[in-house]
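Let me begin by presenting the structure, written as C-alpha cells, before commenting on it.
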Amino acid sequence: MRVGHFVEIGPGSGEITALLLSIGWTGIAYDADGSAVEILNKRFAREIANQRLVTVNSDYLTAAVRADADLVVSCMVIEHMDEEQELAFMAKAAQNVRSDGRMIGIVPSSPRHWGIEDNIAGHYRRYTRSSIEALTTASGWNLTHTAGLTFPISNALLPFSNFLVRRTEAGKLSLSQLARTMQSGRRKVHFKTHFPPILGLVLNRFFLYPLHAIQKSFSNSERALVLYFEAEPAHIDRI
C-alpha cells in the first residue's frame, strides 16, 4: 500500500503510530484518555513539531472528521463499545476514509476464551470471523482479509497470562466499565506487557521467529485469541 495519511483511533503507547511514521506516513491519532495523549506527545514531539502527526484528546465518535484518510487503524478498540457505539464507530470510519482507502483492525477473538483480562479491560465481546464480516457489511465496509494471530502459543500460555493479570490487576474489577476501558491502553503487568531488559536476549524477532512461523501456519484457526482484518469502503454517500 502506498504511503499516505492515516487516522488511528486508540493508539495506546504508539507502537503502530511509530511504525507508520517510520516509513513515511503522516497522521492523526485520537484518544479519549488524556494521559495516553500526553505520552504520545512526549514520544512523538519531533513528528508533531514537524506537522507529521497530530494528536487529538477526544472521543472519536464525537470528533469532526473529513474523508481524507488513506488508512484507518483500529487496534483493540471496538470491543470496548456497546453495539450502538460499535456500529457508529465503523460507519464514521467509513466516512473518514477515501474511496480507495482501507481500514485495518485488530480485535480479541474466540468468544469461548473469554476470561479475566476481558473483564479487567472493559470488553463487551470477543469476535469471530463471521461477526466481523457482519459488522463490516452493516457499516459501510467490504471485508477483504482476515487472519488469526498468536495461535497456538498464546493459547498455551493463557493460564499463566490469566494468573499474572489476576495477581496484578484484579483490583480494577471494582472500577466502572469506562474507567477500565480508559486504562486498558496503558497497562503494566510484569512478564506480560513489561519484561526485564535482560530478556531482550531471547524476546526478539530473530530468536522467536520459529514461533512466529508456527503461528502464521495456523492463521485460519477459529481458536486464535486475536483477529486481524482488512476492509475497504463500500459505496457510500459522503457527509
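Just so it is clear, none of the values below were taken in a lab; they were calculated from the coordinates. Here the structure is a predicted model, which means the values were calculated and not measured. Counting neighbours? That spans all protein chains shown, and the Cβs are built from the backbone with ideal geometry, glycine included.
Just from the alpha-carbon atoms, what are the Rg and Dmax of the range 93-239 in angstroms?
For the range 93-239, the Cα-based Rg and Dmax read 17.5, 53 Å.
Could you run the Karplus curve 6.51 cos²θ - 1.76 cosθ + 1.60 with θ = phi - 60° over the range 10-16 and give me ³J(HN,Hα) per residue in whole Hz, x for Gly and Pro?
So the J values, rounded to whole Hz, are x, x, x, 7, x, 5, 5.
Using the Karplus curve 6.51 cos²θ - 1.76 cosθ + 1.60 with θ = phi - 60°, work out ³J(HN,Hα) for each residue of the range 151-167 in order, rounded to whole Hz, and write x for Gly and Pro.
7, x, 5, 4, 5, 5, 8, 4, x, 5, 4, 4, 4, 5, 5, 4, 5
How far apart, in nm, are two points set 7 Å out from the Cα along the Cα-to-Cβ line at Ser131 and at Phe207?
Those two pseudo-labels are separated by 3.6 nm.
Non-local amide H neighbours of Ala29 (under 5 Å, H modeled in plane, Pro and chain starts lacking H): which ones?
Glu8, Val54, Thr55, Val56
Could you give me the radius of gyration and the Dmax of the range 50-168, taking only the C-alpha atoms into account and expressing both in angstrom?
16.2, 47
Just Arg126, Arg180, Arg66 to compare: in a GNM of the chain, with alpha carbon springs under 10 Å, which one fluctuates most?
Taking springs between Cα atoms under 10 Å, the residue moving most is Arg66.
Where does the range 1-68 land on Rg(C-alpha)/(2.2 N^0.38 Å)?
1.03
Which ³J(HN,Hα) values, rounded to whole Hz and listed in residue order, are derived for the range 66-80 from phi using the Karplus coefficients 6.51, -1.76 and 1.60 in 6.51 cos²θ - 1.76 cosθ + 1.60 with θ = phi - 60°, glycine and proline given as x?
Rounded to whole hertz, the list is 10, 7, 10, 8, 7, 8, 10, 10, 10, 10, 6, 10, 5, 5, 8.
Taking neighbour Cβ counts within 10 Å as the exposure measure, how do Glu8, Glu230, Glu83 sort from fewest upward?
The order, fewest Cβ neighbours first, is Glu83, Glu230, Glu8.
For the chain, what does the helix formula give at 222 nm: sum of -39500 (n - 2.57) over DSSP H segments with n ≥ 4, over the residue count, nearest 500 deg cm²/dmol?
Rounded to the nearest 500, it is -10500 deg cm²/dmol.
Of Phe195, Phe206, Phe163, which has the largest mean-square fluctuation in a 10 Å C-alpha GNM of the chain?
Of Phe195, Phe206, Phe163, the most mobile in the Gaussian network model is Phe206.
Quick one: if you stick a label point 7 Å off each Cα along the C-beta vector at Ala179 and Arg2, how many nm between them?
For the pair Ala179/Arg2, the computed spacing is 4.8 nm.
For the chain, build the charge dipole from Cβ charges (+1 Lys, Arg; -1 Asp, Glu) around the Cα centre, then report which of Ile104, Phe191, Ile28 sits farthest towards its positive end.
Ranked along the dipole, the leading option is Phe191.
Taking the Cα centre of the range 97-239 as origin, work out the dipole magnitude from +1 charges on Lys and Arg Cβ and -1 charges on Asp and Glu Cβ, in debye rounded to 20. Display every interim value, and only then the final one.
Details: 18 positive and 9 negative charges, 111 e Å.
That gives a dipole near 540 debye.
Would you grab the residues whose amide H sits under 5 Å from the one on Cys75? Only those 5+ places off in sequence or on another chain, please, with H modelled 1.01 Å from N.
Result for Cys75 returns Ile9, Ile106.
Out of all DSSP beta bridges with both ends in the chain, state the antiparallel percent to the nearest 5.
Antiparallel bridges make up about 40 percent of those DSSP assigns within the chain.
Please state the relative contact order of the range 65-233 as a whole percent: Cα pairs under 8 Å, 6+ residues apart?
36 percent.
Which residue, chosen from Ala170, Thr137, Leu87, occupies the Cα position most advanced towards the positive end of the dipole of the range 65-233, where the dipole is computed from +1 (Lys, Arg) and -1 (Asp, Glu) charges on Cβ about the Cα centre?
Ala170
Give, rounded to the nearest 20 debye, the magnitude of the charge dipole that the chain has about its Cα centre when Lys and Arg contribute +1 at Cβ and Asp and Glu contribute -1 at Cβ. Numbers along the way, then the final one.
Details: 25 positive and 23 negative charges, 174 e Å.
Charge dipole, the chain, about its Cα centre: 840 debye, nearest 20.
Order of Thr144, Thr181, Thr128, Thr62 from fewest to most other C-beta atoms within 10 Å? Let's see the in-between values first.
Numbers: Thr144 12, Thr181 21, Thr128 17, Thr62 8.
The fewest-first ordering by Cβ neighbours comes to Thr62, Thr144, Thr128, Thr181.
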